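**Student:** Dumping the structure here so I can ask a few things about it.
Laboratory data are not the source of any read-out in this text; all were calculated from the coordinates shown. Because the structure is predicted, anything quoted here is derived from the model rather than measured. Note that each Cβ is placed from the backbone with ideal geometry, even for glycine, and that neighbours are counted across all protein chains shown.
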Amino acid sequence: MNFDQWCDQFRPIQSANDPDTEFDGLLHDVNDPALEGVDHAFVWTLVDSGMCRYVLPSRQFANREGYFMTEEPWWDDNMAIAVDDRECFRRAA
């Protein structure tokens with residue numbers, strides 16, 4: 001699954017506190033009060049591995065850049081969505 005497919009399937013929610021954030025306002029700051037009380041199944045983390053950026057299910061703390069909240073919950077904690085497939089594959093080659 002690529003990032004666009006992930007967006008279509010899980011429907012990330014716009015940040016009300018900062019609509020000008022990365023990803024057209026979909027990325028929430030790690031301290032965004034809107035995240036308080038949100039079930040972990042609706043939270044995803046943008047992480048930077050050093051080679052590539054990924055969206056991972058739940059709240060991650062290592063290498064996090066921000067969080068996404070979605071309308072649909074994740075069901076598999078082993079999911080990893082590459083944000084820029086071309087860049088990740090180019091670097092891995």
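**Student:** In nm, to one decimal, how far is the modelled label at residue 48 from the one at residue 63, with both set 7 Å along Cα→Cβ?
**Tutor:** 1.1
**Student:** Ok, one more. For residue 3 and residue 41, calculate 0.36 nm times their separation in residues minus their Cα-Cα distance, and state this gained length in nm to one decimal.
**Tutor:** 11.9 nm
**Student:** Post the alpha-carbon centroid distance, the range 62-77 to the range 1-18, in whole angstrom.
**Tutor:** 10
**Student:** Okay, moving on. Only four residue types carry charge here, +1 at the Cβ of Lys and Arg and -1 at the Cβ of Asp and Glu. Report the dipole size of the chain about the Cα centre in Debye, rounded to the nearest 20.
**Tutor:** Around 400 debye, computed over the chain.
**Student:** Ignoring solvent entirely, what values of log10 I(q)/I(0) come out of the Debye formula for the range 3-92 at 0.10, 0.13, 0.18, 0.20 Å⁻¹ when each Cα is a single scatterer?
**Tutor:** Listed by q, the Debye log ratios stand at -0.23, -0.39, -0.75, -0.93.
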